[in-house]
Amino acid sequence: MLVAHISDLHFGRIANAEVVSALVADVAAHDPDLVVVSGDLTQRARHRELKGAVALLDSLPSPQVVIPGNHDVFAWWFPVRRLLSPLARYDKYVGREAALSWSGPDAAVLAVNDAIGHTVKGGRFTDRDIDAVRGFGRAHEGARHKLLVVHHQIAPSHLTGRGDVARGSGRLLKAAVEVGFDCILDGHVHVSTVRLLEAQGRSILHCTSGTTTSDRGRFADTGQNGYSLISLDDNAVVRERRFDSSHSSFSPYRESAFEKFTGGWRLAAAGSG
Ligand SMILES: [Fe+2]
């Protein structure tokens, strides 16, 4: 199966006028089985930002699995709403319940929201989230692949600082691996990375999308926009694509290939293009 993984759209901080239409064309050209959007559709959850994000979702192929990020809760100048109903406006425009899981012949995909209101930065997983991961994993015991989608980083790395890894991530990851999840898709740090993550004695594929459409790329991805095409069968191939402003289109950036073995995934090959 082919998954298009998009993240950190940040409507309100769109990088340039062409990147959104180029994304729509590029994703359509690859005809993915599933589109995953791992949060931060907006910059401040403003009405116009949410309308822009919904227009993009409507232009992308279905099915889609979409979760909010920390920027999709009410902004700090709405302190009461941010505390009591942080995602009410996001839910009004995007909705959550219908788009948090998907299963097909080759894979089962569960997205878990980690965006909360009562913090300046960062997210959190609850005991309920961990139970949901366990339940979903057991319900899809025979799935060839199980993908977990979150917004904040699932584990610390050289890219993460305070608040970039949601509280409870360690417990969530442990539960996910125990019930057979083999791929994690996330975002939030605005740097595209593909790596293997060791957890519970297994090697898990961890794909982080950079910012797909905003001007908020960081570190090596400063000024860059991208998304990934993840092909899963017996093996996995992750093709990172980048926006080329000189041609107003996305083009190949890096490709990483992995093969399944008894301990999870291992690197098969890596290179540019
Ligand atoms: Fe974020």
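Quick notes on this structure:
- A DSSP coil position with no more than 15 other Cβ atoms inside 10 Å describes the following GluC sites (Glu not before Pro) in region 119-206: Glu141.
- Dipole of the chain, positive direction: furthest Cα of Cys207, Val238, Ala4, with charges on the beta-carbon: Cys207
- With at most 16 neighbouring Cβ atoms within 10 Å, loop chymotrypsin sites (Phe, Trp or Tyr not before Pro) (DSSP) excluded, longest segment of the chain: 78-273
- Label-zone membership for region 220-234, site Asn16, 7 angstrom Cα→C-beta point, backbone N under 20 Å: 220-228
- GNM result for the chain, Cα springs below 10 Å: residue of Asp221, Asp58, Asp33 fluctuating most strongly: Asp58
- Under 26 Å from Lys174, Cα to Cα: lysines that are on another chain or at least 8 residues apart: Lys121, Lys146, Lys260
- Temperature 25 °C, viscosity 0.890 mPa s: under these conditions the Stokes-Einstein estimate for the chain, based on its Kirkwood radius over C-alpha pairs, is 134 µm² per second.
- Across region 2-272, the relative contact order, built from alpha-carbon pairs under 8 Å that are at least six residues apart, equals 19 percent.
- Leading residue at positive end of dipole, region 80-228 (Cβ point charges), from Gly122, Ala139, Ala99: Gly122
- Across the alpha-carbon set of region 124-273, the Rg to Rh ratio works out to 0.98, Rh being the Kirkwood radius.
- Inter-centroid distance (Cα atoms) of region 211-264 relative to region 55-78, Å: 20 Å
- Choice from Lys92, Lys260, Lys146 with maximal GNM fluctuation in the chain (Cα, 10 Å cutoff): Lys92
- Dipole magnitude of region 184-273, debye to nearest 20 (Cβ charges: Lys/Arg +1, Asp/Glu -1, about Cα centre): 120 debye
- Per-residue Karplus couplings for region 192-208, computed as 6.51 cos²θ - 1.76 cosθ + 1.60 with θ equal to phi - 60°, are listed in order as 7, 9, 9, 8, 9, 10, 8, 8, 6, x, 10, 10, 9, 7, 10, 10, 10 Hz, Gly and Pro entered as x.
- Estimated [θ] at 222 nm from DSSP helical runs (n ≥ 4, -39500 (n - 2.57)) normalised by residues in the chain, nearest 500: -6500 deg cm²/dmol
No value in this document is a laboratory result; all are computed from the given coordinates. From a predicted model like this one, the values you see are computed outputs, not experimental measurements. Glycine gets a Cβ as well: all are built from the backbone with ideal geometry, and neighbour counts include every protein chain shown.
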